[in-house]
Amino acid sequence: MIPTCPECEAPVELAEPVRLSEIAQCADCSSELEVVGLDPVALALAPEIEEDWGE
């Protein structure tokens with residue numbers, strides 16, 4: 001089963017082997033996605049990287 005984008009529901013092709021925490025990009029909506037499950041493969045929106053500013 002091909003996983004779908006949680007943002008737009010489009011199918012997302014992933015390179016084998018799929019790894020947990022791998023980052024992928026949706027070809028339809030350009031959302032950055034993170035692999036959060038392997039059996040079955042589940043995707044979630046990748047967390048935004050925030051600036052630290054030395055705090």
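The values are calculated or read from the model by the stated rules, or taken from the named source; none is laboratory data. All figures in this text were calculated on a predicted structure; none of them were measured in a lab. Cβ coordinates were reconstructed from backbone atoms using ideal geometry, including for glycine residues, and neighbour counts include every protein chain displayed. SASA here: full protein model, heavy atoms, side chains in, ligands and nucleic acids out. Shrake-Rupley method; radii C 1.70, N 1.55, O 1.52, S 1.80 Å.
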Summing +1 per Lys or Arg and -1 per Asp or Glu among the other residues with Cβ less than 14 Å from Arg19's Cβ gives -4
Descending packing, highest mean Cβ count within 10 Å first, for 37-50, 4-17 is 4-17, 37-50
Expressed as a percent, the accessible surface of region 4-55 that is carbon or sulfur, using a 1.4 Å probe and the full set of protein chains, is 48
The ³J(HN,Hα) series, computed from each phi in region 30-45 with the Karplus coefficients 6.51, -1.76 and 1.60 at θ = phi - 60°, rounded to the nearest Hz and given as x for glycine or proline, is 6, 5, 7, 10, 10, 6, 10, x, 10, 9, x, 5, 10, 10, 9, 4
Under Stokes-Einstein, the chain at 37 °C and 0.692 mPa s, with its Kirkwood radius over C-alpha pairs, diffuses with a coefficient in µm²/s of 277
Counting only protein heavy atoms and rolling a 1.4 Å probe, one gets per residue an accessible area for the chain in Å² of 80
